[in-house]
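Take a look at the structure set out below.
The values are calculated or read from the model by the stated rules, or taken from the named source; none is laboratory data. As the structure is a prediction and not an experimental result, all values here were calculated from the model. Neighbour counts are summed over all protein chains in view; Cβ atoms, including those assigned to glycine, are modelled from backbone coordinates with ideal geometry.
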């Protein structure tokens, strides 16, 4: 399954969103423009802005405010990517050098700040206090998620619930906000708004769990990142937690040592333990369950091509190979 299927439905809207982003990236400071344009133009699936458009469309919205809101979501997401890559000391994203590898850490952090502050300027221009609350709360929770993840690094005692909390805060929250603001501008009643927010949260969780799977199984040419990056950074993701809970004493010890020390020296032994214990299958089943919950959340939406695309998007989140 490819994302082009549902992007076809919102193609003109996505072009309008891109136009808003290009306009809002303007700055008289040359380096701001260079770094911002580099990461925005680096590709990516644009799932979060697509979620705003699809959610609004599923409720029959016919205006253009969702273009601005989708652009805000993408700027917030891009700012977090800039900051993430600095914190993680990453040098590759989507098959290209990261902005921090190309322009330096200082420029990446500061331009990330610019994108965050620009997104809040845009929120003010939208002028809807409920939408501002959803987005500002989401931005704050994402920051908490980043700190939680930092605290979990090199901690082999992180359990499944602590790890899922990081996912809910760091990744799923922006998906949730995207679906919710689409519902708000679509004039949803409180129950429908809540169901679309739940859809986004489950979708984002499924998406991140598959990222965990791909970190140990994906083709680097497709994922655009090095295999084992999470292990090298000492991140105790769900496949590793599963090995420590269900593997032999030797397998658990190998994973524990790898998390605590970081690096790639233990990658072959860890990968063998992951395969032997079915850790990737376990993680994929968790992602499929989240995808199913996402689809169940929007069962009551009226039939439309937009609803069909939301259902398809949940399936794509777990079927993807990149």
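Check 50, 56 and return the single one that is assigned to a helix (DSSP H, G or I), in contact with a helix residue (DSSP H, G or I) (Cβ under 6 Å, 6 or more places away or on another chain) and within 24 Å of residue 203 (Cβ to Cβ). Just one listed residue meets the conditions, 56.
In region 22-33, of all residues being in a helix (DSSP H, G or I) and out of contact with any helix residue (DSSP H, G or I) (no Cβ under 7 Å at 6 or more places or on another chain), the one that is nearest to residue 322 (Cα to Cα) corresponds to 22.
Within region 15-25, the set of residues being more than 11 Å from residue 68 (Cα to Cα) and under 20 Å from the mean Cα position of the chain (by Cα) is empty.
Residues in region 29-38: is at least one buried (at least 20 other Cβ atoms within 10 Å of the Cβ) and farther than 20 Å from residue 131 by Cβ? Yes, region 29-38 contains at least one residue that is buried (at least 20 other Cβ atoms within 10 Å of the Cβ) and farther than 20 Å from residue 131 by Cβ. Of all residues in region 104-120, those being free of Cβ contacts under 8 Å to residues at least 24 places away in the same chain and either in contact with a strand residue (DSSP E or B) (Cβ under 8 Å, 6 or more places away or on another chain) or within 23 Å of residue 184 (Cα to Cα) (or both) number 2. What's the number of the only condition in (1) surrounded by fewer than 16 Cβ atoms within 10 Å (Cβ to Cβ); (2) part of a helix (DSSP H, G or I) that residue 271 fails to meet? Condition not satisfied by residue 271: (1). Any idea which of (1) without any contact (Cβ under 8 Å) to a residue 60 or more places away in the chain; (2) more than 30 Å from residue 231 (Cβ to Cβ); (3) more than 17 Å from the chain's Cα centre (by Cα) is the one residue 71 doesn't satisfy? Here residue 71 meets the rest and fails (3). In region 201-221, the condition of being part of a helix (DSSP H, G or I), in contact with a helix residue (DSSP H, G or I) (Cβ under 9 Å, 6 or more places away or on another chain) and over 19 Å from residue 318 (Cβ atoms) is met by no residue. Return yes when residue 111 is more than 17 Å from the chain's Cα centre (by Cα), closer than 24 Å to residue 67 by Cβ and surrounded by fewer than 19 Cβ atoms within 10 Å (Cβ to Cβ) and no when it is not. No.
Keeping to region 58-94, report how many residues are in contact with a strand residue (DSSP E or B) (Cβ under 8 Å, 6 or more places away or on another chain), more than 14 Å from residue 113 (Cβ to Cβ) and crowded, with 16+ Cβ neighbours inside 10 Å. Number satisfying all stated conditions: 1.
Yes/no matrix, rows are residues, columns are (1) more than 25 Å from residue 192 (Cβ to Cβ); (2) surrounded by 19 or more Cβ atoms within 10 Å (Cβ to Cβ); (3) out of contact with any helix residue (DSSP H, G or I) (no Cβ under 8 Å at 6 or more places or on another chain):
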{"position": "280", "(1), (2), (3)": "yes, yes, no"}
{"position": "285", "(1), (2), (3)": "yes, no, yes"}
{"position": "299", "(1), (2), (3)": "no, no, yes"}
{"position": "304", "(1), (2), (3)": "no, no, no"}
{"position": "309", "(1), (2), (3)": "no, yes, no"}
{"position": "313", "(1), (2), (3)": "no, yes, no"}
{"position": "319", "(1), (2), (3)": "yes, no, yes"}
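Among the conditions (1) at pLDDT below 95; (2) outside any helix (DSSP H, G or I), the only one that residue 299 does not satisfy is (1). Screening 161, 176, 193, 144 for residues that are touching a helix residue (DSSP H, G or I) at 6+ places or on another chain (Cβ under 8 Å), surrounded by fewer than 17 Cβ atoms within 10 Å (Cβ to Cβ) and farther than 28 Å from residue 26 by Cβ leaves exactly one candidate, 144. Residues being modelled with pLDDT of 95 or more and surrounded by fewer than 23 Cβ atoms within 10 Å (Cβ to Cβ): count how many of those fall in region 209-237. Qualifying residue count, region 209-237: 0.
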